[in-house]
Amino acid sequence: MEFMVNGALREADVEPEMPLLWVLRDELGLSGTKFGCGIAQCGACTVHVDGLAVRACQMTAGEAEGAEITTIEGLGTPEAPHPVQQAWIEAQVAQCGYCQSGQIMQAAWLLEQNPAPSDEEIDATMSGNLCRCGTYPRIRQAVHAAASKMKEA
Ligand code: FES
């Protein structure tokens with residue numbers, strides 16, 4: 001099967017029922033997307049598919065074929081990080097870090113929908129991405145900072 005991932009066409013010899021998460025991690029080597037719960041309850045596996053934030057554990061390879069997929073590896077680069085990634089670094093959001101690629105992908109999607117979210121809107125969108133380290137206050141701070149950066153750009 002063929003997948004458009006981070007702007008490049010990638011091939012993987014997989015069954016259409018395989019979860020997209022395994023395609024990304026095990027077949028394409030994109031291990032920045034994490035396996036958390038496997039039942040779409042934690043958000044650690046959040047990626048963008050055709051502009052939507054989706055849980056890669058619940059989408060099949062067959063459903064993802066032909067779509068534009070973006071993972072944390074494709075959001076920005078170390079030289080040119082996405083404003084959300086830059087804000088995350090500046091606010092030192094991560095603790096253990098396990099949930100953070102999913103948090104960043106969810107936050108980037110939020111800012112595409114709503115360039116100036118309120119605290120309540122941030123909490124409502126980000127509450128589906130669990131963080132056992134409790135980084136929510138800094139997530140909120142970093143989303144506001146990223147929103148400002150994107151407004152200035
Ligand atoms: Fe540890 Fe979120 S930073 S789970």
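Every number here is computed from the coordinates shown, using simple stated rules; none is lab data. All of these numbers come straight from a predicted model, not from anything done at the bench. So basically every Cβ, Gly included, is an ideal-geometry build from the backbone, and we count neighbours across all protein chains shown.
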Descending semi-axes in whole angstrom, ellipsoid equivalent of segment 1-54, from the Cα gyration tensor: 18, 13, 10
Choice from Ala64, Ala40, Ala124 showing the highest fluctuation, given a GNM over the chain with Cα pairs closer than 10 Å: Ala124
Computed log₁₀ I(q)/I(0) - Debye formula, equal Cα scatterers, no solvent, the chain, q 0.11, 0.17 Å⁻¹: -0.39, -0.92
Calculated [θ] (222 nm, deg cm²/dmol) that DSSP helices of n ≥ 4 give over the chain, each run adding -39,500 (n - 2.57): -10500 deg cm²/dmol
Whole-Å distance, taken between Cα centres, linking segment 72-105 and segment 26-62: 16
Mean Cβ neighbour count within 10 Å, used as a protection proxy, ranking 134-142, 75-83 highest first: 134-142, 75-83
Segment 33-100 - Debye-derived log10 I(q)/I(0), Cα point model, q = 0.21, 0.26 Å⁻¹: -0.97, -1.22
Size of segment 90-142 as Cα extents on the principal axes (Å, biggest first): 28, 19, 16
